[in-house]
1. Once the range 191-256 is represented by equal point scatterers at the alpha-carbon sites, with solvent omitted, what log10 I(q)/I(0) does the Debye formula produce at q = 0.13, 0.15 Å⁻¹?
2. Can you give the calculated 222 nm mean residue ellipticity of the chain, where each DSSP H run of n ≥ 4 adds -39,500 (n - 2.57) and the sum is split over every residue, rounded to the nearest 500 deg cm²/dmol?
3. Straight-line reach from LYS112: which aspartates and glutamates have Cα under 16 Å away, leaving out those fewer than 8 places along the same chain?
4. Between PRO262, PRO208, PRO280, find the one with the highest GNM mean-square fluctuation for the chain; connect C-alpha pairs within less than 10 Å.
5. Taking Cα pairs under 8 Å and at least six residues apart, what relative contact order does the range 164-232 come out at, in percent?
6. Restricted to Cα positions, what overall size does the range 93-219 have along the principal axes? Three whole-Å values, descending.
7. Convex hull over the alpha-carbon atoms of the chain: what's its volume per residue in Å³?
8. Please grab the % of Cα pairs in the range 234-346 that end up more than 22 Å from each other.
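The values are calculated or read from the model by the stated rules, or taken from the named source; none is laboratory data. No experiment lies behind these values; they were computed from the predicted model shown. Don't worry about glycine lacking a Cβ; one is built from the backbone with ideal geometry, like all the others, and counts go over all protein chains shown. Only protein heavy atoms, including side chains, enter the accessible area calculation; ligands, DNA and RNA are left aside. Shrake-Rupley method; radii C 1.70, N 1.55, O 1.52, S 1.80 Å.
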Amino acid sequence: MQTILYIVTKSDLGGIQKYLLEIARNLPEDINAYFLMGSSGYLSDELLKLGIQNENIHFIPMTNNIFDITQHVKSNFNTLQLIKKIKPDIIHCNATTGAIVGAVCGFLTNTKTIYTVHGWPFTDGISKNKQKFYKVLEFLICSVFRKIICVSEYDRQIGIKALPMYKNKMVTIHNGISDIPDEFKKKEFSKDKLKIVMISRFCPQKDPYTLINAVNQLNKEGLNIELDLFGYGEELDKVLSTIEETNCSNIQYKGEISDITPILRNYDVYALISNWEGLPIGIIEAMRAGLPILVSNVGGNSECVNGNGYLVKRQNVSDCCKQLKKLYDEKEKIVELSQNSRELYYAEFSVNQMFKNTIGNY
């Protein structure tokens, strides 16, 4: 029996949490998994639904404020106590804060430690000063890890460029998710309009504003394009204000949503415009449903586009309009784009492939 401790900062709905749920869903019987997170929420609730026992789910407050030394010390101290109690064979860290806690505690307890990078904090789109700071931080913590899993080849390449001394530790394992029943896959597309959905956490990383402004501009030009936005986050008020300023009835905020599987089939295109990314689970969910995709050309997004949609230049409304027009004018091609999404999902982003490669690294 192998014991593995998974560490993640937050429990709220997001790509990292869905990644961990897919791992939990597929764990073999000879792995005893523990999960450590900053607080209860979506992830802990879903783990319980999967049958993970209460005693295997732990909460220790963590902070994303890198300069809150007091909280970091408390997080590390409490995590050390947990590690001494459960004696994991492997610590599997996720995202930067989780990696800091895992690196410190893994080093102090001489426990083998793995780090999944869900987008480097020094990737393009982040300010130059932050990039410099995080390159130093990642240099320090990555010295501890036995393996560094990058969820996209893009991330592996920029990791090698920034931290060449850890090149041999880095491997690319694409995010993967379980398939869905046929009833949730796209069957028919709109005839006289284009229905787009963007599902996102509204924060500085994401950029719904480029998409909102592009859709508004095209509607003013006479195209019939509908855009529904689902999400939550610290920039929700800004998103709502941007929608209101357009005065366009075809652009709607639809609230928060925890499971997007049943709704994707109601749309013609999935859009995710971001300033930076690792490799978003949301894009893979859209491909799995058979939707063409429209995504910004950042991070690993380009690895999800191969005859199934279009890439958009970051923060470029005119280019977003150009790619949207292609989707609108080539409605006879949209079925082909849909089929290509399904094929690419199955070939590159299935949960079996991700899990097999992850377990191999264990």
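1. -0.32, -0.42
2. Details: 12 runs with 150 residues, N = 362.
My calculation for the chain gives -13000 deg cm²/dmol from helical runs alone.
3. Counting by Cα, and skipping residues close in sequence, LYS112 has these aspartates and glutamates nearby: ASP89.
4. Largest GNM mean-square fluctuation: PRO262.
5. Values: 45 pairs, mean separation 26.0, N = 69.
Reported as a whole number, the value is 38 percent.
6. Extents along the principal axes: 61, 39, 23 Å.
7. Numbers: hull volume 47.4 nm³, N = 362.
It comes to 131 Å³ per residue, whole-number rounded.
8. Working: 2246 of 6328 pairs.
Beyond 22 Å sits 35 percent of the P(r) for the range 234-346.
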